[in-house]
Structures are given as C-alpha cells and as structure tokens.
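All remarks here apply to the structure that follows.
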Amino acid sequence: MDEFDQLVKVVKILRSPDGCPWDRAQTIADMKKYLLEETYELIDALSDKDYKAAEEELGDVILIIIVMAEMLDKEGKANLKKILQLVKDKMVLRHPHVFSENKLGTKEEVLKVWVDKKANDKNRKSVKDRLPKMAPALLLSYLFLKEYKVLGKKVNDLKDFEDIALTISAKLDKLKKETKGKQKGLLISEILFYVTKLSFISGLDPEELLRQKIFREAEKVSYGKDK
C-alpha cells in the first residue's frame, strides 16, 4: 500500500542524521510510554464513538509501531518486512478452518484451536506463560478466566455465582478478624479475584466496571469541597 510505504519513508527521514533532532533522540523506553498513552486515547475515542478522532488515534498508534520497528531495525534486532511477514504467516497458520480443509463450525471451536496453537507455538507450560506481566491486574484476571474457560473449565453457571458470593462473604468475615498485615493482604487479593470472577460470569468486564465507578465518584468531588 503506497500510503504505508510513504509513512515508513517519512519515519526513516525523521530518524536520519539530517532529520529531526527530537525524533532522533527518542528511545524504545520513550516509545513504550507513548504507545500506552496513544492506545488509551484510541480506546477513549472508540468508546465515545468519535470515529474521526479514532482515525487520528489509529494513525498515531501505527506511527509509533513503525518508529519502534525502525529503531529495532537500526540495532539489528528486528525488521519491519519480517514483522509483517511473521504476522501474516501467523494468521494463516492459526486459521486452518479458513486457509485449509480443516473446517470448524462454531466460534468456540475456532477459539479453542487458536488457544491450543498459540500454546504449542510458544511452548507454554501453563496459563501463567500466556499472561502479559505488565498488564493491569483486573485485565490479567479477566484474561486468565477467559483462557480457563476456553480450556474447558466451568466458570459460568448460576451455582458458581452463588458459591463465589458465599466465598466472598466468608473471606470478608475472616478479614474483619485478621490482625496480621500479610494475611490481610492475602485475603484482600482473594476477595478481589473472586469479585472479578463474578464479573466474568456475568459477562461483564471488571476493568471497565471499576473505571466507570471511579469516574462516577470523581465527578462528585470538587476541588475545595464535595458536591
């Protein structure tokens, strides 16, 4: 695509000795920070259904990825063409139901094949190997439970919901009586995990639920006084 090639060319010029001093001074550490910022801005635009803003934010995310690829290319650690080839090959290999005769009938079957192929390709021993270490904890919990379900574990019926609610209640009672800080922390972590499990069973995203609650509470508080 001409537009993509032209953008890559612009990035190379900006990063060249005769290019922009600011662009040349950026590091991978800088770009990681920018990538997070721009990704959240993109999510905001999509959540607001502001598709004009989403176009711009998508462009910013693509730009940052190209800059990072260019940086790694200069260090001999990656190559943009190879990156594109790898992701294309991965999509073909992980969709045998589309690109081969191995047809699958449901989205659940597709997801199971996808998870199994990823685990095999990456030599994963447990679900822990699949979880991104730096992701927010609520997101990690959601990703874990999603993977758990795909692997055939039952986590989404009414009995589970009732049992988890009772478990949370019992742990809250223990927490009231606990005096040791370490044990309190352990109990709180367990309660938080079970709460995210209730969200998952209900088909809700705990990260989004907590975000909405925080903004509702923040809106009630003015600087200098409470509303």
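Please treat every number below as a calculation from the coordinates, not as lab data. Source: prediction; values computed, not measured. Cβ placement follows ideal geometry from the backbone for every residue including glycine, while neighbour counts extend to all protein chains displayed.
Taking the inverse of the mean reciprocal distance over all distinct Cα pairs, the Kirkwood hydrodynamic radius of the stretch 81-129 comes to 11.8 Å.
Lysine pairs in the stretch 1-75 8 or more apart or on different chains: how many have alpha carbons under 29 angstrom apart? Close lysine pairs under the 29 Å cut-off: 14. In the chain, the longest principal axis of the Cα atoms and the axis of helix 2-14 are about 80 degrees apart. Packing here is the average count of other Cβ atoms within 10 Å per residue, and on that basis the peptides 65-73, 126-134, highest first, run 65-73, 126-134. How many angstrom lie between the C-alpha centres of the stretch 203-224 and the stretch 74-126? The stretch 203-224 and the stretch 74-126 have Cα centres spaced 37 Å from each other.
Rounded if a/c is under 1.5, else prolate if a/b beats b/c, else oblate: with a ≥ b ≥ c from the C-alpha gyration tensor eigenvalues square-rooted, which is the stretch 36-140? List each step's numbers first, then the result.
Details: a/c = 1.57, a/b = 1.32, b/c = 1.18.
Because a/c hits 1.5 or more and a/b exceeds b/c, the stretch 36-140 counts as prolate.
Could you give the length gained on full extension between Ala135 and Asp5, defined as 0.36 nm per residue of separation minus the Cα-Cα distance, in nm? Mind showing how you got there, number by number?
Numbers: separation 130, 0.36 × 130 = 46.80 nm, distance 3.17 nm.
Using 0.36 nm per residue and subtracting the Cα-Cα distance, I get 43.6 nm.
Against the empirical curve 2.2 N^0.38 Å, the C-alpha radius of gyration of the stretch 2-92 lands at a ratio of 1.17.
Karplus-derived 3J(HN,Hα) values for the stretch 193-207, using 6.51 cos²θ - 1.76 cosθ + 1.60 with θ = phi - 60°, are 5, 5, 5, 5, 5, 4, 4, 4, 4, 7, x, 10, 8, x, 4 Hz; glycine and proline are entered as x.
Quote the charge dipole size of the chain about the Cα centre in Debye, to the nearest 20; the model charges only the Cβ of Lys and Arg (+1) and of Asp and Glu (-1).
Working: 45 positive and 40 negative charges, 290 e Å.
So the magnitude is around 1400 debye.
Dipole check for the stretch 111-227: with +1 at the C-beta of Lys and Arg, -1 at the C-beta of Asp and Glu, and the Cα centre as origin, the magnitude is about 420 Debye. Straight Cα distances below 17 angstrom link Lys184 to the lysines Lys171, Lys174, Lys176, with same-chain residues fewer than 8 positions distant left out. Note on Leu111 and Lys177: the extension gain reaches 19.4 nm, defined as 0.36 nm multiplied by sequence separation minus the Cα-Cα distance. Evaluated at q = 0.13, 0.18, 0.19, 0.26 Å⁻¹, the base-10 log of the normalised Debye intensity for the stretch 113-204, with identical point scatterers placed on the Cα atoms, takes the values -0.54, -0.91, -0.97, -1.27.
Counting only DSSP H runs of at least 4 residues, each contributing -39500 (n - 2.57), and dividing by the residue count of the chain, the helix-based mean residue ellipticity at 222 nm comes to -23500 deg cm²/dmol. Rg of the Cα atoms in the chain, relative to 2.2 N^0.38 Å, amounts to 1.32. Cross-link check: pairs Lys125/Lys213; Lys146/Lys182; Lys182/Lys213 evaluated at a Cα-Cα cut-off of 32 Å; pairs beyond the cut-off: Lys125/Lys213.
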